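The values are calculated or read from the model by the stated rules, or taken from the named source; none is laboratory data. A quick note: this is a predicted structure, and the numbers were derived from the prediction, not measured. Don't worry about glycine lacking a Cβ; one is built from the backbone with ideal geometry, like all the others, and counts go over all protein chains shown. Keep in mind that these areas ignore ligands, DNA and RNA; they rest on the heavy atoms of the full protein, side chains included. Shrake-Rupley method; radii C 1.70, N 1.55, O 1.52, S 1.80 Å.
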Amino acid sequence: MSLDQAATKPHEQLAAALADDLTAVNALIRERMASEYAPRIPEVTAHLVEAGGKRLRPMLTLAAARMCGYKGPYHVHLAATVEFIHTATLLHDDVVDESAQRRGRPTANLLWDNSSSVLVGDYLFARSFQLMVETGSLRVLDILANASATIAEGEVLQLTAASDLDTSEAIYLQVVRGKTAALFSAAMEVGGEIAGQDAATKQALFDYGDALGISFQIVDDLLDYSGTKAIGKNTGDDFRERKLTLPVIRAVAAASEEDRAFWVRTIQKGRQEEGDLEHAIALLGKHGTMETTRQDAIAWADKAKASLDVIPDQPLKKMLVDLADYVVARIT
(Lines give C-alpha, C1' and ligand atoms only; values in the text may rest on other atoms or scores of the structure.)
Protein backbone atom coordinates (compact mmCIF):
# COMPACT_ATOMS: atom_id res chain seq x y z
CA MET A 1 0.00 0.00 0.00
CA SER A 2 1.44 3.37 -0.98
CA LEU A 3 0.87 6.55 0.98
CA ASP A 4 -1.36 7.86 -1.80
CA GLN A 5 -3.46 4.69 -1.73
CA ALA A 6 -4.06 4.74 2.00
CA ALA A 7 -7.77 5.14 2.64
CA THR A 8 -7.18 7.03 5.87
CA LYS A 9 -4.05 9.09 6.34
CA PRO A 10 -3.10 9.74 9.97
CA HIS A 11 -1.26 12.98 9.18
CA GLU A 12 -4.47 14.31 7.60
CA GLN A 13 -6.41 13.24 10.68
CA LEU A 14 -3.87 15.07 12.83
CA ALA A 15 -4.13 18.16 10.63
CA ALA A 16 -7.92 18.15 10.98
CA ALA A 17 -7.78 17.66 14.76
CA LEU A 18 -5.21 20.45 15.11
CA ALA A 19 -6.65 22.75 12.45
CA ASP A 20 -6.98 25.86 14.64
CA ASP A 21 -3.49 25.45 16.06
CA LEU A 22 -2.01 24.89 12.59
CA THR A 23 -3.69 28.05 11.33
CA ALA A 24 -2.03 29.94 14.18
CA VAL A 25 1.32 28.31 13.42
CA ASN A 26 1.13 29.23 9.75
CA ALA A 27 0.25 32.83 10.63
CA LEU A 28 3.20 33.04 13.03
CA ILE A 29 5.55 31.53 10.44
CA ARG A 30 4.52 34.13 7.86
CA GLU A 31 4.90 36.92 10.42
CA ARG A 32 8.37 35.83 11.58
CA MET A 33 9.82 35.03 8.16
CA ALA A 34 9.27 38.67 7.15
CA SER A 35 12.20 41.05 6.86
CA GLU A 36 11.99 44.81 6.61
CA TYR A 37 15.40 45.21 5.01
CA ALA A 38 16.02 41.98 3.07
CA PRO A 39 13.01 41.03 0.91
CA ARG A 40 14.86 37.99 -0.41
CA ILE A 41 14.43 36.33 2.99
CA PRO A 42 10.62 35.96 2.77
CA GLU A 43 10.91 35.15 -0.96
CA VAL A 44 13.26 32.23 -0.38
CA THR A 45 11.51 31.07 2.79
CA ALA A 46 8.04 31.18 1.24
CA HIS A 47 9.24 29.14 -1.73
CA LEU A 48 10.01 26.23 0.59
CA VAL A 49 7.63 26.76 3.54
CA GLU A 50 4.61 27.07 1.26
CA ALA A 51 5.61 24.26 -1.11
CA GLY A 52 2.96 21.87 0.18
CA GLY A 53 4.84 20.06 2.94
CA LYS A 54 2.80 18.07 5.44
CA ARG A 55 3.97 20.10 8.49
CA LEU A 56 4.59 16.76 10.19
CA ARG A 57 7.18 18.00 12.69
CA PRO A 58 5.18 20.98 13.98
CA MET A 59 2.11 18.74 14.17
CA LEU A 60 4.07 16.43 16.50
CA THR A 61 4.70 19.36 18.84
CA LEU A 62 1.07 20.48 18.75
CA ALA A 63 -0.20 16.91 19.27
CA ALA A 64 2.18 16.25 22.17
CA ALA A 65 1.20 19.49 23.93
CA ARG A 66 -2.53 18.94 23.44
CA MET A 67 -2.28 15.26 24.40
CA CYS A 68 -0.63 16.38 27.64
CA GLY A 69 -3.42 18.85 28.40
CA TYR A 70 -1.60 22.09 27.59
CA LYS A 71 -3.93 25.11 27.44
CA GLY A 72 -1.49 27.98 26.89
CA PRO A 73 -0.29 29.72 23.69
CA TYR A 74 3.35 28.67 23.47
CA HIS A 75 2.90 25.32 21.72
CA VAL A 76 2.27 27.46 18.63
CA HIS A 77 5.64 29.19 19.08
CA LEU A 78 7.37 25.84 19.50
CA ALA A 79 5.69 24.32 16.45
CA ALA A 80 6.80 27.31 14.36
CA THR A 81 10.29 26.94 15.83
CA VAL A 82 10.44 23.30 14.77
CA GLU A 83 9.30 24.17 11.24
CA PHE A 84 11.90 26.96 10.98
CA ILE A 85 14.69 24.60 12.07
CA HIS A 86 13.49 22.00 9.57
CA THR A 87 13.30 24.54 6.75
CA ALA A 88 16.76 25.91 7.57
CA THR A 89 18.27 22.43 7.38
CA LEU A 90 16.56 21.79 4.02
CA LEU A 91 18.00 25.01 2.60
CA HIS A 92 21.47 24.04 3.76
CA ASP A 93 21.10 20.40 2.65
CA ASP A 94 20.15 21.38 -0.89
CA VAL A 95 23.33 23.43 -1.16
CA VAL A 96 25.51 20.63 0.23
CA ASP A 97 23.85 17.99 -1.99
CA GLU A 98 23.75 20.33 -5.03
CA SER A 99 20.06 19.42 -5.34
CA ALA A 100 17.96 20.83 -8.17
CA GLN A 101 14.51 19.72 -6.98
CA ARG A 102 12.58 19.35 -3.72
CA ARG A 103 8.89 18.51 -3.31
CA GLY A 104 8.58 18.55 -7.09
CA ARG A 105 9.81 22.14 -7.42
CA PRO A 106 13.19 23.73 -8.23
CA THR A 107 15.27 24.24 -5.09
CA ALA A 108 15.97 27.70 -3.70
CA ASN A 109 19.67 27.40 -4.50
CA LEU A 110 18.75 26.76 -8.13
CA LEU A 111 16.25 29.63 -8.36
CA TRP A 112 18.43 32.10 -6.48
CA ASP A 113 21.93 30.96 -5.50
CA ASN A 114 23.85 29.02 -2.86
CA SER A 115 24.69 32.14 -0.87
CA SER A 116 21.02 33.11 -0.55
CA SER A 117 20.05 29.59 0.56
CA VAL A 118 22.76 29.41 3.22
CA LEU A 119 22.16 32.90 4.59
CA VAL A 120 18.37 32.58 4.65
CA GLY A 121 18.81 29.24 6.43
CA ASP A 122 20.97 31.04 9.00
CA TYR A 123 18.25 33.68 9.39
CA LEU A 124 15.63 31.00 10.07
CA PHE A 125 17.85 29.38 12.70
CA ALA A 126 18.15 32.79 14.39
CA ARG A 127 14.38 33.31 14.21
CA SER A 128 13.82 29.87 15.72
CA PHE A 129 15.90 30.80 18.75
CA GLN A 130 13.95 34.03 19.19
CA LEU A 131 10.74 32.01 19.26
CA MET A 132 12.18 29.55 21.79
CA VAL A 133 13.17 32.36 24.15
CA GLU A 134 9.65 33.80 24.07
CA THR A 135 8.33 30.69 25.82
CA GLY A 136 10.33 31.66 28.91
CA SER A 137 11.45 28.05 29.40
CA LEU A 138 15.17 27.41 29.73
CA ARG A 139 14.56 23.67 29.40
CA VAL A 140 12.75 24.17 26.07
CA LEU A 141 15.73 26.19 24.87
CA ASP A 142 18.04 23.39 26.03
CA ILE A 143 16.08 20.69 24.19
CA LEU A 144 15.88 22.53 20.87
CA ALA A 145 19.42 23.91 21.03
CA ASN A 146 20.73 20.38 21.61
CA ALA A 147 18.61 19.10 18.72
CA SER A 148 20.00 21.82 16.42
CA ALA A 149 23.56 20.88 17.36
CA THR A 150 22.81 17.18 16.84
CA ILE A 151 21.35 17.87 13.40
CA ALA A 152 24.46 19.78 12.33
CA GLU A 153 26.70 17.11 13.81
CA GLY A 154 24.81 14.40 11.93
CA GLU A 155 25.14 16.24 8.64
CA VAL A 156 28.89 16.66 9.10
CA LEU A 157 29.22 12.99 10.09
CA GLN A 158 27.33 11.98 6.96
CA LEU A 159 29.68 14.14 4.91
CA THR A 160 32.79 12.57 6.39
CA ALA A 161 31.38 9.02 6.16
CA ALA A 162 30.19 9.45 2.57
CA SER A 163 31.51 6.80 0.20
CA ASP A 164 33.52 5.15 3.00
CA LEU A 165 32.87 1.44 2.70
CA ASP A 166 34.02 0.93 6.28
CA THR A 167 31.00 2.88 7.55
CA SER A 168 29.32 0.76 10.21
CA GLU A 169 25.68 0.32 11.09
CA ALA A 170 26.37 2.24 14.31
CA ILE A 171 27.64 5.24 12.32
CA TYR A 172 24.63 4.99 10.02
CA LEU A 173 22.29 5.06 13.02
CA GLN A 174 24.14 8.06 14.44
CA VAL A 175 23.73 9.89 11.12
CA VAL A 176 20.01 9.05 11.00
CA ARG A 177 19.52 10.22 14.56
CA GLY A 178 21.16 13.48 13.59
CA LYS A 179 19.62 14.23 10.21
CA THR A 180 16.08 13.04 10.98
CA ALA A 181 15.28 11.64 14.41
CA ALA A 182 16.72 14.50 16.50
CA LEU A 183 14.07 16.96 15.36
CA PHE A 184 11.26 14.40 15.63
CA SER A 185 12.21 13.59 19.24
CA ALA A 186 12.72 17.24 20.20
CA ALA A 187 9.41 18.21 18.59
CA MET A 188 7.62 15.67 20.78
CA GLU A 189 9.58 16.34 23.97
CA VAL A 190 9.04 20.13 23.99
CA GLY A 191 5.29 19.54 23.72
CA GLY A 192 5.43 17.62 27.00
CA GLU A 193 7.85 20.11 28.55
CA ILE A 194 5.65 23.13 27.85
CA ALA A 195 2.70 21.20 29.32
CA GLY A 196 4.63 20.60 32.56
CA GLN A 197 4.61 16.81 32.32
CA ASP A 198 6.65 14.47 34.52
CA ALA A 199 9.97 12.98 33.46
CA ALA A 200 8.52 9.59 32.48
CA THR A 201 5.97 11.16 30.12
CA LYS A 202 8.54 13.45 28.52
CA GLN A 203 10.88 10.48 28.03
CA ALA A 204 8.05 8.54 26.38
CA LEU A 205 7.40 11.44 24.01
CA PHE A 206 11.11 11.70 23.20
CA ASP A 207 11.34 7.94 22.59
CA TYR A 208 8.34 8.02 20.26
CA GLY A 209 9.88 10.80 18.17
CA ASP A 210 13.29 9.13 18.11
CA ALA A 211 11.95 5.76 16.97
CA LEU A 212 9.51 7.31 14.49
CA GLY A 213 12.28 9.40 12.95
CA ILE A 214 14.60 6.42 12.57
CA SER A 215 11.84 4.33 10.99
CA PHE A 216 10.96 7.25 8.71
CA GLN A 217 14.55 7.57 7.44
CA ILE A 218 15.11 3.83 7.00
CA VAL A 219 11.94 3.63 4.90
CA ASP A 220 13.17 6.56 2.81
CA ASP A 221 16.51 4.81 2.28
CA LEU A 222 14.79 1.55 1.31
CA LEU A 223 12.63 3.29 -1.26
CA ASP A 224 15.73 4.51 -3.05
CA TYR A 225 16.16 0.94 -4.28
CA SER A 226 12.50 0.00 -4.66
CA GLY A 227 10.45 3.19 -5.00
CA THR A 228 8.75 4.84 -7.94
CA LYS A 229 7.99 8.43 -8.85
CA ALA A 230 4.36 7.72 -7.92
CA ILE A 231 5.33 7.61 -4.22
CA GLY A 232 7.69 10.55 -4.37
CA LYS A 233 11.01 8.73 -4.50
CA ASN A 234 13.17 8.24 -7.59
CA THR A 235 14.91 4.88 -7.66
CA GLY A 236 18.68 5.14 -7.44
CA ASP A 237 19.21 8.72 -6.22
CA ASP A 238 21.19 7.60 -3.16
CA PHE A 239 23.20 5.13 -5.28
CA ARG A 240 24.10 7.82 -7.81
CA GLU A 241 25.06 10.17 -4.95
CA ARG A 242 27.17 7.35 -3.46
CA LYS A 243 25.40 7.37 -0.10
CA LEU A 244 25.98 4.43 2.19
CA THR A 245 22.56 3.56 3.56
CA LEU A 246 21.66 0.54 5.67
CA PRO A 247 20.87 -2.00 2.90
CA VAL A 248 24.16 -1.15 1.15
CA ILE A 249 26.21 -1.23 4.37
CA ARG A 250 24.88 -4.74 5.02
CA ALA A 251 25.51 -5.85 1.45
CA VAL A 252 29.10 -4.58 1.63
CA ALA A 253 29.63 -6.46 4.90
CA ALA A 254 28.43 -9.70 3.28
CA ALA A 255 30.20 -9.15 -0.05
CA SER A 256 32.52 -11.58 -1.78
CA GLU A 257 35.80 -10.22 -3.15
CA GLU A 258 34.15 -9.72 -6.55
CA ASP A 259 31.11 -8.02 -5.07
CA ARG A 260 33.26 -5.74 -2.91
CA ALA A 261 35.19 -4.67 -6.02
CA PHE A 262 31.86 -3.56 -7.50
CA TRP A 263 31.07 -1.45 -4.43
CA VAL A 264 34.58 0.03 -4.42
CA ARG A 265 34.22 1.09 -8.04
CA THR A 266 30.68 2.46 -7.84
CA ILE A 267 30.45 3.89 -4.33
CA GLN A 268 33.99 4.52 -3.11
CA LYS A 269 35.49 5.70 -6.41
CA GLY A 270 32.27 6.88 -8.06
CA ARG A 271 32.91 5.24 -11.42
CA GLN A 272 29.37 4.22 -12.31
CA GLU A 273 28.33 2.69 -15.61
CA GLU A 274 25.12 1.72 -17.37
CA GLY A 275 23.48 -1.18 -15.56
CA ASP A 276 25.26 -0.62 -12.24
CA LEU A 277 22.09 0.35 -10.38
CA GLU A 278 20.38 -2.84 -11.52
CA HIS A 279 23.42 -4.86 -10.39
CA ALA A 280 23.44 -3.09 -7.02
CA ILE A 281 19.76 -3.95 -6.53
CA ALA A 282 20.54 -7.56 -7.46
CA LEU A 283 23.30 -7.69 -4.83
CA LEU A 284 20.95 -6.33 -2.19
CA GLY A 285 18.52 -9.09 -3.10
CA LYS A 286 21.26 -11.72 -3.13
CA HIS A 287 22.24 -10.96 0.46
CA GLY A 288 18.69 -10.28 1.67
CA THR A 289 19.58 -6.83 2.96
CA MET A 290 16.41 -5.19 1.68
CA GLU A 291 14.34 -7.58 3.77
CA THR A 292 16.43 -7.24 6.94
CA THR A 293 16.35 -3.46 6.59
CA ARG A 294 12.58 -3.58 6.07
CA GLN A 295 12.23 -5.57 9.28
CA ASP A 296 14.32 -2.96 11.09
CA ALA A 297 12.04 -0.15 9.89
CA ILE A 298 8.99 -2.04 11.13
CA ALA A 299 10.69 -2.78 14.48
CA TRP A 300 11.44 0.92 14.99
CA ALA A 301 7.82 1.79 14.16
CA ASP A 302 6.69 -0.80 16.71
CA LYS A 303 9.04 0.73 19.28
CA ALA A 304 7.54 4.16 18.60
CA LYS A 305 4.04 2.83 19.24
CA ALA A 306 5.10 1.02 22.42
CA SER A 307 6.68 4.22 23.75
CA LEU A 308 3.22 5.77 24.07
CA ASP A 309 1.93 3.04 26.40
CA VAL A 310 2.38 5.36 29.40
CA ILE A 311 0.09 7.97 27.82
CA PRO A 312 -3.64 7.58 28.61
CA ASP A 313 -5.75 6.49 25.63
CA GLN A 314 -7.25 9.38 23.68
CA PRO A 315 -7.87 10.28 20.02
CA LEU A 316 -4.55 12.12 19.52
CA LYS A 317 -2.61 9.17 20.91
CA LYS A 318 -4.37 6.82 18.48
CA MET A 319 -3.48 9.13 15.58
CA LEU A 320 0.19 9.04 16.61
CA VAL A 321 0.09 5.25 16.87
CA ASP A 322 -1.52 5.09 13.43
CA LEU A 323 1.13 7.49 12.12
CA ALA A 324 3.87 5.01 13.05
CA ASP A 325 2.05 2.30 11.06
CA TYR A 326 1.58 4.74 8.20
CA VAL A 327 5.32 5.47 8.00
CA VAL A 328 6.05 1.83 7.16
CA ALA A 329 2.96 1.36 4.96
CA ARG A 330 5.04 1.94 1.82
CA ILE A 331 7.22 -1.09 2.53
CA THR A 332 4.66 -3.54 3.95
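Go through (1) more than 19 Å from Arg177 (Cα to Cα); (2) surrounded by 17 or more Cβ atoms within 10 Å (Cβ to Cβ) and name the single condition Gly288 misses.
(2)
Looking at Ile143, is it within 14 Å of Ala186 (Cα to Cα) and either touching a Ser or Thr at 6+ places or on another chain (Cβ under 7 Å) or touching a residue at least 12 places away in the same chain (Cβ under 8 Å) (or both)?
So Ile143 fits the description; yes.
Tally up the residues in segment 239-259 that are open to solvent by 30 Å² or more (accessible area, probe 1.4 Å) and either hydroxyl-bearing (Ser, Thr, Tyr) or touching a strand residue (DSSP E or B) at 6+ places or on another chain (Cβ under 8 Å) (or both), please.
Going through segment 239-259 one residue at a time, the tally reaches 1.
Among helices (runs of 4 or more DSSP H) lying entirely in segment 1-50, which contain 1 or more residues that are modelled with pLDDT under 85 and open to solvent by 40 Å² or more (accessible area, probe 1.4 Å)?
Details: elements: 10-17, 19-32, 40-49.
Filter on segment 1-50 gives 40-49.
Looking at (1) closer than 21 Å to Arg240 by Cβ; (2) out of contact with any helix residue (DSSP H, G or I) (no Cβ under 9 Å at 6 or more places or on another chain); (3) free of Cβ contacts under 8 Å to residues at least 24 places away in the same chain; (4) not aliphatic (A, V, I, L, M), which is the one condition that is false for Glu273?
Of the numbered conditions (1) closer than 21 Å to Arg240 by Cβ; (2) out of contact with any helix residue (DSSP H, G or I) (no Cβ under 9 Å at 6 or more places or on another chain); (3) free of Cβ contacts under 8 Å to residues at least 24 places away in the same chain; (4) not aliphatic (A, V, I, L, M), the odd one out for Glu273 is (2).
Looking at this structure, is Gly69 out of contact with any Lys or Arg (no Cβ under 7 Å at 6 or more places or on another chain), more than 30 Å from Val321 (Cβ to Cβ) and at pLDDT 85 or above? Even if it seems obvious, please write down each step before you answer.
On the way: out of contact with any Lys or Arg (no Cβ under 7 Å at 6 or more places or on another chain): yes; more than 30 Å from Val321 (Cβ to Cβ): no; at pLDDT 85 or above: yes.
In short, no.
I'd like to know if segment 246-256 contains one or more residues that are free of Cβ contacts under 8 Å to residues at least 12 places away in the same chain and either assigned to a helix (DSSP H, G or I) or small (Gly, Ala, Ser) (or both). Steps first, answer last, please.
Taking segment 246-256 first, the residues free of Cβ contacts under 8 Å to residues at least 12 places away in the same chain are 253, 256.
Those left that are additionally either assigned to a helix (DSSP H, G or I) or small (Gly, Ala, Ser) (or both): 253, 256.
Checked segment 246-256: at least one residue is free of Cβ contacts under 8 Å to residues at least 12 places away in the same chain and either assigned to a helix (DSSP H, G or I) or small (Gly, Ala, Ser) (or both).
Would it be correct to say that Thr293 is under 21 Å from the mean Cα position of the chain (by Cα), hydroxyl-bearing (Ser, Thr, Tyr) and modelled with pLDDT of 95 or more?
Yes; evaluated as a whole, the condition is true for this residue.
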